[in-house]
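Participant: This structure is in structure tokens; I'll ask about it shortly.
Laboratory data are not the source of any read-out in this text; all were calculated from the coordinates shown. On a predicted model such as this, the values are computed, not experimentally measured, just so you know. Backbone-built Cβ (ideal geometry, glycine too); neighbour counts: all protein chains shown.
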Amino acid sequence: MWKNFCALLCGSLMAANVFAAENILPYGLKSGKPYAGTTLNILSVVTPQFKAYELRDEEFESLTGISVNWTNIPFVSLQEKVASVGVAADGNFDVVNYLDSWGPANAYWLQPIDGWLEQDGISMDRYPDAFKKSAMFKGETLGFPLRAHPQLMFYRKDLFDKHGLSEPQTWSEVVSAGRMIKEKEGIGGLACYYGADGNRQNLFIWLNYLWAAGGDVFDSQMKPAWTTPAAIQATKDYIEMHTSDDICGEGAVSNVEQDARIQFSG
């Protein structure tokens with residue numbers, strides 16, 4: 001089913017010029033275009049973050065002779081689609097984009113790539129250990145880490161300057177600034193998303209509250225650690241930004257990540 005997976009993996013992240021001198025191809029690509037005529041069918045999620053890969057198709061195809069077809073579907077449908085394609089084993093897709101936490105559930109129909117990595121001299125040690133493990137299951141590598149989730153706080157400097165606000169250092173300061181912006185500007189003071197879309201996206205934001213309170217998801221014995229007093233308070237604070245603090249934009253409890261991104265940019 002994943003017959004051409006390596007062909008993309010060996011060259012999907014290309015973004016530089018061909019080395020014309022001595023007809024040497026960049027990135028360790030094999031000369032002579034041995035995979036020319038191959039077509040790769042890729043299942044990906046609809047998001048601007050991955051559009052950059054599509055924009056590299058022309059260079060990739062010119063270097064390898066491999067054609068690339070993209071099928072993009074909304075994130076809320078991606079998990080079900082990956083599973084259904086795997087169960088059907090129909091070979092419609094050679095490469096899939098999936099959230100790292102879905103890996104174990106889909107490992108049965110994903111092709112391990114360790115043999116190809118060794119053949120092409122690619123070491124997974126080039127990734128931080130946590131990201132490397134996110135692409136593995138039972139000691140086998142199933143793919144490459146595609147993106148990480150560094151937790152950053154972006155804010156509208158123009159609005160903060162306009163209302164004499166300082167950069168928030170704590171969640172309570174975020175709430176105070178959010179209230180003022182919502183009151184003065186008539187817009188959401190924070191671009192929130194709590195949408196229960198089945199993909200647990202709201203946990204990404206909750207984790208920031210949990211960690212800021214000194215809590216964690218699991219303790220040293222891998223038992224639930226979010227039931228400590230500090231963690232319970234963090235959960236309460238997280239929920240209250242949607243309720244009593246009322247700093248989020250309209251529709252936040254139904255929004256998903258893309259909705260929050262649009263709200264922030266607007």
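Participant: When only DSSP loop residues count, what trypsin sites (Lys or Arg not before Pro) in segment 82-145 have their Cβ near at most 13 other Cβ atoms within 10 Å?
Facilitator: Passing both the DSSP loop test and the Cβ count: LYS138.
Participant: Helices from the chain with mean Kyte-Doolittle at least -0.5 and a Cα length along the axis of 18 Å or more, per DSSP H: which?
Facilitator: Helices passing the filter in the chain: 75-88.
Participant: How big is the charge dipole of segment 157-265 about its Cα centre, in debye rounded to the nearest 20, if each Lys and Arg gets +1 on its Cβ and each Asp and Glu gets -1 on its Cβ?
Facilitator: Details: 9 positive and 16 negative charges, 22 e Å.
The calculation lands at about 100 debye.
Participant: Using a Cα distance threshold of under 23 Å, what count of lysine pairs results for segment 157-265 when pairs must be 8 or more residues apart or interchain?
Facilitator: Lysine pairs satisfying the spacing and distance rule in segment 157-265 number 6.
Participant: Classify segment 39-87 as rounded, prolate or oblate, taking a ≥ b ≥ c as the square roots of the eigenvalues of its Cα gyration tensor: rounded when a/c is under 1.5, otherwise prolate if a/b is larger than b/c and oblate if not.
Facilitator: oblate
Participant: When only C-alpha pairs under 8 Å and at least 6 residues apart count, what is the relative contact order of the chain, in percent?
Facilitator: Once divided by the residue count of the chain, the mean separation gives 14 percent.
Participant: Can I ask one more? Among LEU63, TYR35, PHE131, flag the residue with its Cα farthest along the positive direction of the charge dipole of segment 5-141, charges on Cβ as +1 for Lys/Arg and -1 for Asp/Glu.
Facilitator: PHE131
Participant: Taking the number of other C-beta atoms within 10 Å as the exposure measure, put HIS163, HIS149, HIS242 in order starting with the fewest.
Facilitator: Listing HIS163, HIS149, HIS242 from fewest to most nearby Cβ atoms yields HIS149, HIS163, HIS242.
Participant: If you bin the C-alpha pair distances of the chain every 5 Å from 0, what whole percents do you get?
Facilitator: Bins of 5 Å from zero give 1, 5, 10, 13, 14, 13, 12, 10, 9, 7, 4, 2, 0, 0 percent of pairs.
Participant: Students often forget the sequence filter, so: which lysines lie under 22 Å Cα-Cα from LYS81 once same-chain residues fewer than 8 apart are removed?
Facilitator: Within the straight-line cut-off, LYS81 pairs with LYS3, LYS51.
Participant: Let me ask another. With only Lys, Arg, Asp and Glu charged, each at its Cβ (+1 for the first two, -1 for the last two), find how big the charge dipole of the chain is about the Cα centre; round to the nearest 20 debye.
Facilitator: Computed about the Cα centre, the dipole is about 120 debye.
Participant: Which aspartates and glutamates have a Cα less than 19 Å from the Cα of LYS138, not counting those fewer than 8 places away in the same chain?
Facilitator: Leaving aside aspartates and glutamates fewer than 8 places away in the same chain, those within reach of LYS138 are ASP100, ASP114, GLU118, ASP125, ASP129.
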